[in-house]
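Accompanying notes for the structure given below.
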Amino acid sequence: MGLRLGLPKGSLQQATFQMLSRAGYQVSVTSRSYYPTVDDPDIVPVLMRAQEIPRYVAAGALDAGLSGLDWVVETEADVVEVCDLVYSKASLRPARWVLAVAQDSPIRSPQDLEGKRIATEVVNVTRKYLARHGVKAEVEFSWGATEVKVPELVDAIVELTETGSSLAANNLRILDTVLETNTKLIAAHSAYADAWKRSKIETLAMLLQGALLGEQKVGLKMNVARANLEKVLALLPALRQPTVSPLHHPDWVAVETVLDERAARDLIPELRRAGAEGIVEYPLNKVIP
């Protein structure tokens, strides 16, 4: 018995494999294979398009999978949403499906799309968005290169973006966010009802979330004279409280903590001025709260 796990092929593949590596799973695949190898004999990975994974999980052909909220919504897949994993192909931020038109288009609001033509990969998501706004428009499936279809072929597009730079480069203007999406670990109801599979899925979720948290945080350790300890501790954030350990010299202690990587740059000089010495910053593979 193994856990059949769908992994996304394509734009999310590299980021997913890197995240799995940080979580402790070494995954490898040859260029023409759809069946990666992983150093956990209880996991049977299958590589496929993220768009398809929710359907196969919902049908029970896969026990679990990594796919986007967008494809869960688009396929209307009835799955267990185990946890959010906020990463995308280029960043640790959610991505957005946005409604975009040509820079010089007279369309200024969703209502202006009445009777217009829209191209997108997420047809159902777009139709639901239009229905929420009481707008009737023609929505057609786009096989790719969607940005070039405006304005000669269609009046607007709904396209996935992380930064909006590609849309701007194609002389497009973002009108609205249709759906914000991020990667999710999803599971089949039948797999989640199985005690062994559920335990395996929840372990995977814990380690993946820990890997993502570890990527955003660093560890700091330093030596502090007891006379300066309260000043240093007042500067330090921590998941709980900083760890304070005695040193051989009775007047000194070692202090260790975990904090956001972005905060370390500004905090280290303050710690030094407060009396900390021998400050070491180090990366973290995983942080399990």
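The values are calculated or read from the model by the stated rules, or taken from the named source; none is laboratory data. Because the structure is predicted, anything quoted here is derived from the model rather than measured. All Cβ positions, glycine included, derive from the backbone under ideal geometry; neighbour counts span all protein chains shown.
Structure data summary
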{"read-out": "Residue list for region 231-242, filter: touching a residue at least 12 places away in the same chain (Cβ under 8 Å), within 25 Å of ARG22 (Cα to Cα) and either not in a loop (DSSP other than H, G, I, E, B) or not aliphatic (A, V, I, L, M) (or both)", "value": "PRO237, PRO242"}
{"read-out": "Region 66-82, residues that are crowded, with 17+ Cβ neighbours inside 10 Å and either on the phi > 0 side of the Ramachandran plot or within 11 Å of the chain's Cα centre (by Cα) (or both)", "value": "LEU66, SER67, GLY68, LEU69"}
{"read-out": "Set VAL258, VAL232: member being buried (at least 19 other Cβ atoms within 10 Å of the Cβ) and either hydroxyl-bearing (Ser, Thr, Tyr) or at pLDDT below 95 (or both)", "value": "VAL258"}
{"read-out": "Residue within region 16-29 that is over 21 Å from the mean Cα position of the chain (by Cα) and not hydroxyl-bearing (Ser, Thr, Tyr) present", "value": "yes"}
{"read-out": "Selection status of SER245, among the hydroxyl-bearing types (Ser, Thr, Tyr), surrounded by fewer than 15 Cβ atoms within 10 Å (Cβ to Cβ) and in contact (Cβ under 8 Å) with a residue 40 or more places away in the chain", "value": "no"}
{"read-out": "Hey, VAL280 touching a Lys or Arg at 6+ places or on another chain (Cβ under 9 Å), part of a loop (DSSP other than H, G, I, E, B) and not small (Gly, Ala, Ser) or not", "value": "no"}
{"read-out": "Pairs with Cβ under 9 Å, 6+ apart, first in region 33-54 and more than 25 Å from THR181 (Cβ to Cβ), second among the hydrophobic types (A, V, I, L, M, F, W, C) and part of a loop (DSSP other than H, G, I, E, B)", "value": "TYR35/VAL29; THR37/VAL29; ASP42/MET1"}
{"read-out": "Flag if THR163 is closer than 30 Å to LEU207 by Cα and not aromatic (Phe, Trp, Tyr)", "value": "yes"}
{"read-out": "Cβ pairs under 8 Å, 6+ apart, first in region 120-148 and at pLDDT 95 or above and small (Gly, Ala, Ser), second loosely packed, with under 15 Cβ neighbours inside 10 Å and in a helix (DSSP H, G or I)", "value": "GLY134/GLN111"}
{"read-out": "Scan of region 208-225 for residues that are buried (at least 19 other Cβ atoms within 10 Å of the Cβ), among the hydrophobic types (A, V, I, L, M, F, W, C) and assigned to a helix (DSSP H, G or I), ordered by number", "value": "LEU208, ALA211, LEU212"}
{"read-out": "Subset of region 92-149 (residues that are β-branched (Val, Ile, Thr), under 30 Å from LEU12 (Cα atoms) and over 23 Å from the mean Cα position of the chain (by Cα))", "value": "VAL101, ILE118, VAL139, THR146, VAL148"}
{"read-out": "ILE118 being farther than 25 Å from LEU213 by Cβ, surrounded by 13 or more Cβ atoms within 10 Å (Cβ to Cβ) and of a type in the set (Val, Ile, Thr)", "value": "yes"}
{"read-out": "Among the candidates ASN285, ASN228, residue that is at negative phi and in a loop (DSSP other than H, G, I, E, B)", "value": "ASN285"}
{"read-out": "Residue under evaluation GLU162, criteria (1) surrounded by fewer than 16 Cβ atoms within 10 Å (Cβ to Cβ); (2) over 19 Å from SER67 (Cβ atoms); (3) at pLDDT below 95, criterion not met", "value": "(2)"}
{"read-out": "Qualifying residue in region 83-91 (condition: part of a loop (DSSP other than H, G, I, E, B), among the basic types (Lys, Arg) and either in contact (Cβ under 8 Å) with a residue 60 or more places away in the chain or touching a strand residue (DSSP E or B) at 6+ places or on another chain (Cβ under 9 Å) (or both))", "value": "yes"}
